[in-house]
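Here's the structure, in structure tokens; my notes come after.
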Amino acid sequence: MTGALSHFRICDFTGQLAGAGATKWLAAFGANVIRIEDPVKQGRWDILRGTGPFIDDRRGIDMGGAFNNHNTNKKGITLNLRTSKGKEILTELIKISDAVTENFAEGVLNKWGFGYESLKAIKPDIVYVSNCGFGHKGPYSSFKTWGPIVQAVSGLTFSSALPGQPPAGWGYSYMDHTGGYYMAMAIMLALLERDKSGEGQWVDLACTEAGLSLNGPALLDWTVNNRPMRQPDGFSSNRSQYSLMAPHGMYPCSGDDEWIAIACRDDNDWQVLASFINEVWCGDYSSLENRLDRQDELDESIENWTKQKEKFDLQDRLRQLSIPVAAVQKPGERIDHDPTTGNFALWPTVTHSEMGDVRVDGLPVHFSETDWEMTAGGPCLSEHTEEVLVELLGMTSGEVVKLREEGVI
């Protein structure tokens, strides 16, 4: 591999998305990410191993689309860490690595004999980055979490709802994605410090606390203004809670589950929109105060109007009038037909050893000089074991065959 991070080697135990999504960033910029998996359970400490979506009718441990998506450009080896020989091999790999990364529950690596003190004894300047729900300290450290639980406990779920309905949340697994971004930053910051000072360290990342940090405006509003997020007269995350605007929301369009977002920032925006709608009822909402007082009625009238419109046509016509508007796109529309994402190379094609050429998520950033690159799909189970053991650790092919016979790899 070449790239801005090609001088780093990562001994990687991450899985799912909150972890594997982090090391995917490093691998895309050239880091040598070596993913360690369990041969006994066929790598299923990552629940995405072998699960859908699938590219065709083929099934199996190597055919999982989500696993492939989150592990592009990585090497994959298997080590049975129940065996002393497996632990010896892992020790040798740590010696030549810059970082060890994992997102297990609290204490898993320590139980295997590879907690931070042990890692530091193997390689004094090692960077160890762990990412679990509540970190390794405090009364909740032993609790197990994943994205939806993190969102609920951190308060994000509470912050999104419609009147008379329970909290809606921030998408099914928002903090799995965002937790991966935080972890990627944590890995890079620790490696940057090591390059400056020569000192390694343990970065103990608590994903729930990362989610809590996203509540800044609401926490500030409560702390400074003593104003709770939920007001007695109701709560609608479909409306602006801070800069008062009306209309401000998502409205249904013609077709099945088709929507458009429209916002009027001030009276001028509303006057332009009202002239475009050209209905008698628009004259009842000339002032912001009036529109806010009767926002439910206003929204109902706009809904009845937008239901007759095709969302993209309406979007384009309102944009010509400088009204803040956007059609709510479904995944296929966003991925296959939106020129913005197409021109940004956001969906690269990689070659997977079993699936062939498939598209995956790219990274939403480009560097002018040292850009990311994705060419290889996620590793099949044990795909690179012999390559790593022979080329990096100096074993012979005969030794690798014996290790496989003994159930070590």
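Bear in mind that the values in this text are calculations on the coordinates, not laboratory data. What you see is a predicted model; the values in this text were computed from it and never measured. No Cβ is skipped: glycine too gets one built from the backbone with ideal geometry, and neighbour counts run over all protein chains shown.
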- Item | Cross-link reach list, lysines versus Lys111, counting only Cα pairs under 23 Å and skipping chain neighbours closer than eight places | Lys41, Lys85, Lys87, Lys95, Lys120, Lys123, Lys137, Lys144
- Each residue of the range 81-96 in order: what ³J(HN,Hα) in whole Hz does its phi give by Karplus 6.51 cos²θ - 1.76 cosθ + 1.60, θ = phi - 60°, with x for Gly and Pro? 7, 7, 9, 5, 5, x, 5, 5, 5, 4, 4, 5, 5, 4, 4, 10
- Query: What fraction of the DSSP beta bridges in the chain is antiparallel, stated in percent and rounded to the nearest 5?
  - Reply: 40 percent
- May I ask you to evaluate 6.51 cos²θ - 1.76 cosθ + 1.60, the Karplus curve with θ = phi - 60°, for each residue of the range 9-20 and list the ³J(HN,Hα) values in order in whole Hz, giving x for glycine and proline? 10, 10, 8, 10, 10, 6, x, 6, 10, 4, x, 4
- Note on the structure: About its Cα centre, the range 244-365 carries a charge dipole, from +1 on Lys and Arg Cβ atoms and -1 on Asp and Glu Cβ atoms, whose size in debye to the nearest 20 is 360 debye
- For the range 352-409 and the range 119-151, what is the separation of their C-alpha centers, rounded to whole Å? 26 Å
- Note on the structure: Computed over the chain, the relative contact order (Cα-Cα under 8 Å, seq sep at least six) in percent reads 19 percent
- Message: Using DSSP to call loops (not H, G, I, E or B), can you name the chymotrypsin sites (Phe, Trp or Tyr not before Pro) in the range 259-307 whose Cβ has at most 10 other Cβ atoms within 10 angstrom?
- Response: none
- Which label belongs to the value computed from this structure, given these candidates for mean projected area of the Cα convex hull in nm²: (1) 21.7; (2) 20.7; (3) 24.2? (3)
- Under 13 Å from the Cβ of Ala376, count the other residues' Cβ atoms, weight Lys and Arg +1, Asp and Glu -1, and hand me the total. -1
- Does anyone have the angle between helix 174-197 and the longest principal axis of the chain? Alpha-carbon axes, 0 to 90°, nearest 10? 50 degrees
- Message: Could you work out [θ]222 nm for the chain from helices alone, using -39500 (n - 2.57) per DSSP H run of at least four and dividing by all its residues? Round to the nearest 500 deg cm²/dmol.
- Response: -10000 deg cm²/dmol
- Taking Cα atoms, the helix 216-225 axis meets the longest principal axis of the chain at an angle in degrees (rounded to 10) of 60 degrees
